[in-house]
Each structure stands twice: as C-alpha cells, then as structure tokens.
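Note sheet for the following structure.
The values are calculated or read from the model by the stated rules, or taken from the named source; none is laboratory data. These figures come from a predicted structure and were not determined experimentally. No Cβ is skipped: glycine too gets one built from the backbone with ideal geometry, and neighbour counts run over all protein chains shown.
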Amino acid sequence: MTGDEPARGRGGRTEGHDPEGLDLAHRIAQATRGGQPAPRPRRRKAAAAPKEGPEALGELIQGVIRQQGWSTKINLHHLLGRWPALVGPVNAEHSAPESYVDRVLTVRAESTTWATSLRQIAPQLVAVLNEKLGQGTVERVVVIGPSGPSWKKGKRSVQGRGPRDTYG
C-alpha cells in the first residue's frame, strides 16, 4: 500500500466512507435535532385505521365530484345514457342528445319529421330532466335536424352553395 491510497476497512470499503450515505444522513438528522435521539413513531389506534375496499374508493370519488362541482354534469350524462326511457323507444331510435352547454340541451334528429316530433315534446322533456336533476338544470331543449350534404369534392371545387334544394 502506498501513501496515496486511502486506508481500507472491512469489506474493502474506504474508512470514513459510507457508500449508501446513511451514516451522513443520520448525523445530519441528529444535528438538526440538537443532538437528541430520533423520536419513536407513535402507534395508531385500531379504530382509526383507514377504510379499505370499494366503499372507501366510492366515498373518495364522490368527495372529489362534489368538490369539483361535477355532480350536475355527471348526473345529466347518466340520465341521458337512458335516452330511450326519457323520450320513448321510437323517438330514441331517430334522435340522440348531442351537447349540454349553458343549461341548454341540444338534440339531433335524423330527419325534419323527427325533429318536429321532438320539438313538440321538448317542454315535457325539460320538466322531466329538471325533476330528476334539480330545478333550473335544463332551461330549454333545442332540437336540430340533419345537416345537409357537403358539395365540396376535392381541392378544385367550384365556389358556391351547390344545388338549390332544402335539406333538414
């Protein structure tokens, strides 16, 4: 051994060197406590143990939903998921809810005939939705018909509205 090499201790480690850094961490922690020994962790009472399982997860999710103010939107989407029960199976086959923005529910119908039919029952639909979701949740239901076909075909199409026919 030459004079330049550090002295080696047990296991080939350099004396005064902890490769994991735990010794240094313990010394720093003890210095911050003013030389006092580390406090012993307290035991929790068995009754204070946190809940586990699906009930605890459900309660946690419900708390987040309430805190974020998502309750109305989630309930509305859940209710609209049962669209056939709200408007009847025949109307549901020919229409679907499209959006809900600023207390207005937009419904798209597949033809102008079905749009007219749904417009006639829109006030009853508003009443049912407000009864189940809370008054003022839905102020009105807007029913729109189908959109017209696009006459733009390719990059070099002619400007204009296309044939003058009515769609929707």
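Please go through the stretch 110-126 and give me each residue that is closer than 20 Å to His78 by Cα and touching a residue at least 12 places away in the same chain (Cβ under 8 Å), ordered by number.
Scanning the stretch 110-126 gives Ala122, Leu125, Val126.
I want to confirm something. Restricting to the stretch 70-99 and keeping residues that are small (Gly, Ala, Ser) and part of a helix (DSSP H, G or I), which single residue is nearest to Gly134 (Cα to Cα)?
Ser71
Considering only the stretch 115-152, state which residues are among the charged types (D, E, K, R), more than 28 Å from the chain's Cα centre (by Cα) and at pLDDT 75 or above.
Listed by number, the list holds a single entry, Arg119.
Cβ-Cβ under 7 Å, sequence separation 6+ or interchain: first residue in the stretch 136-150 and touching a residue at least 40 places away in the same chain (Cβ under 8 Å), partner surrounded by 11 or more Cβ atoms within 10 Å (Cβ to Cβ) and of a type in the set (Ser, Thr, Tyr). Which pairs?
Pairs that qualify, where the first residue is touching a residue at least 40 places away in the same chain (Cβ under 8 Å) and the partner is surrounded by 11 or more Cβ atoms within 10 Å (Cβ to Cβ) and of a type in the set (Ser, Thr, Tyr), are Thr137/Thr72; Ile144/Thr106.
Results for (1) at pLDDT below 70; (2) under 30 Å from Pro146 (Cβ atoms), shown as yes or no for each residue.
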{"site": "Arg10", "(1), (2)": "yes, no"}
{"site": "Arg43", "(1), (2)": "yes, no"}
{"site": "Ala56", "(1), (2)": "no, no"}
{"site": "Glu59", "(1), (2)": "no, no"}
{"site": "His94", "(1), (2)": "no, yes"}
{"site": "Glu110", "(1), (2)": "no, yes"}
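Of all the residues that make up the stretch 78-102, how many are under 16 Å from Thr137 (Cα atoms) and in contact with a strand residue (DSSP E or B) (Cβ under 8 Å, 6 or more places away or on another chain)?
Going through the stretch 78-102 one residue at a time, the tally reaches 4.
Taking Leu129 and the conditions (1) within 22 Å of Ser147 (Cβ to Cβ); (2) in contact (Cβ under 8 Å) with a residue 40 or more places away in the chain; (3) not in a strand (DSSP E or B), which numbered condition does it fall short on, given that it satisfies the others?
Result: Leu129 fails condition (1) only.
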